[in-house]
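What follows is a single structure, written as structure tokens, with notes after it.
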Amino acid sequence: MRKPLTIPGLILLLALALSCGGRKAAETPRLREFPVVGVPSMYAEPAEGAEYAAGRFWDAFLDTCVLHYSDSAVLNGVPLKEVEGMMPGYVSLLLELPPGKAVAAVSRFSGLLESFGKKYPDASVYGEMVRLTEKYLYDPNSPYRDEDLYRPFAAALAESPLTPEDRRTGYRHEAQLCALNARGSRAADFSFLDVSGRRRSLYGIKAPYVLLIFGNPDCRGCREILAKISGDARLSAMVREGRLKVLDIYIDEDIAAWKAGIGSYPKEWINGYDPSHTIRDDRVYHVRALPSLYLLDGDKTVLLKDAPAERILGAL
């Protein structure tokens, strides 16, 4: 005959059941919905709600109290496609925040992910979340890419004991490159030769806004940008009235090909090339793919950096 539990014994058993140590990893492939963060009613202001949601976006998903089922199509109990589908919303929340608070939210996410990876080193969660974050924040073809948001994530990976030694240097280098011309800083000045062969500089261009494009006449994406700007009546008016200057800089070596293609650009644009290749070779700007767009204000402060065209044009 089993001895009945006393009241203190019942309390102890309940405490163990509710604690992290008392919960066991799921042994059967039970799926769950992504645990969406709820914003308490006390955060009535939209900005406060966005900050709360962005900072705690992954808390329940990366709760170290329990490891859920994972396989090639399921990540910690949630279908992998559903987890990936949350990334655009997460990035959108980050972009609503001031840069400092957005960086703090990404750093908090990095810490949660590392804690999860340390507790469950054999799980696929850590590696998959690193892959998804790189894909959405850093892939040059991602419509959600943002180097200022990826930089704290890369910096954390460079110092993490979970990162293989041969990858730490790479992450450290990526973080350094992402620090170039960060949002809110003054863009690095550079000189260039325009179509007539006259030497000019970025800081010599005077306008309330400057759209800096590192492009190529033969680049399909560059032609699409040209069509979007030229086809937008409001932006075209800003260019004609001098409120917006568009500076398109060619950083490759085939100057003859560049000269052959610049006739397709609007006459109001300023077109030039870098004869010394310092922009590309000396890493004055982190140009990973063409076109690469920067939006600057009149003081050449970076408002948007290597941002997707839709975000640049939306801001303008």
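The values are calculated or read from the model by the stated rules, or taken from the named source; none is laboratory data. Values in this document were obtained by computation on a predicted structure and should not be read as measured data. Virtual Cβ from ideal backbone geometry, glycine too; neighbours counted across all protein chains shown.
Numbers for the structure displayed
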{"item": "Residue satisfying condition, being more than 21 Å from GLU147 (Cα to Cα), of a type in the set (Ser, Thr, Tyr) and either surrounded by 15 or more Cβ atoms within 10 Å (Cβ to Cβ) or touching a residue at least 60 places away in the same chain (Cβ under 8 Å) (or both), within set TYR265, TYR294", "result": "TYR265"}
{"item": "Subset tally (residues that are under 13 Å from LEU202 (Cα atoms) and basic (Lys, Arg)) for the range 282-301", "result": "1"}
{"item": "Options ALA289, ALA309: the member that is within 16 Å of GLU224 (Cα to Cα), out of contact with any Phe, Trp or Tyr (no Cβ under 6 Å at 6 or more places or on another chain) and loosely packed, with under 14 Cβ neighbours inside 10 Å", "result": "ALA289"}
{"item": "Test: residue in the range 260-272 that is among the hydrophobic types (A, V, I, L, M, F, W, C), in the same structural domain as LEU211 (by TED's automatic domain parsing) and within 17 Å of the chain's Cα centre (by Cα)", "result": "no"}
{"item": "Which numbered condition TYR120 misses (of (1) surrounded by 16 or more Cβ atoms within 10 Å (Cβ to Cβ); (2) touching a Pro at 6+ places or on another chain (Cβ under 9 Å))", "result": "(2)"}
{"item": "Verdict on TYR69 being in contact with a Lys or Arg (Cβ under 7 Å, 6 or more places away or on another chain) and under 22 Å from VAL130 (Cβ atoms)", "result": "yes"}
{"item": "Selected residue (criterion: nearest to the chain's Cα centre (by Cα)) from residues of the range 79-108 that are of a type in the set (Val, Ile, Thr) and surrounded by 20 or more Cβ atoms within 10 Å (Cβ to Cβ)", "result": "VAL91"}
{"item": "Some residue of the range 238-249 being within 20 Å of SER185 (Cα to Cα), touching a residue at least 40 places away in the same chain (Cβ under 8 Å), outside any helix (DSSP H, G or I) and among the hydrophobic types (A, V, I, L, M, F, W, C)", "result": "yes"}
{"item": "Considering residues of the range 46-77 that are loosely packed, with under 13 Cβ neighbours inside 10 Å and in contact with a helix residue (DSSP H, G or I) (Cβ under 6 Å, 6 or more places away or on another chain) only, the residue farthest from GLY117 (Cα to Cα)", "result": "ALA73"}
{"item": "Test for GLY77: is it at positive phi and either touching a Leu at 6+ places or on another chain (Cβ under 9 Å) or not polar (S, T, N, Q) (or both)", "result": "yes"}
{"item": "Residue in the range 148-166 that is at negative phi, surrounded by fewer than 20 Cβ atoms within 10 Å (Cβ to Cβ) and basic (Lys, Arg) present", "result": "no"}
{"item": "Filter result for ARG223 (in a strand (DSSP E or B), surrounded by 14 or more Cβ atoms within 10 Å (Cβ to Cβ) and not assigned by TED's automatic domain parsing to the domain that holds LYS101)", "result": "no"}
{"item": "Residue in the range 200-210 that is outside the structural domain of LYS259 (by TED's automatic domain parsing), modelled with pLDDT of 95 or more and assigned to a loop (DSSP other than H, G, I, E, B) present", "result": "no"}
{"item": "Test for ALA105: is it among the aliphatic types (A, V, I, L, M) and either in a loop (DSSP other than H, G, I, E, B) or touching a Ser or Thr at 6+ places or on another chain (Cβ under 9 Å) (or both)", "result": "no"}
{"item": "Tally of residues being at pLDDT 90 or above and in a loop (DSSP other than H, G, I, E, B) across the range 278-293", "result": "8"}
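The rows are residues; the columns are (1) small (Gly, Ala, Ser); (2) closer than 17 Å to SER292 by Cα.
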{"site": "ALA156", "(1), (2)": "yes, no"}
{"site": "GLU159", "(1), (2)": "no, no"}
{"site": "ASP166", "(1), (2)": "no, no"}
{"site": "TYR171", "(1), (2)": "no, no"}
{"site": "GLN176", "(1), (2)": "no, no"}
{"site": "ALA188", "(1), (2)": "yes, yes"}
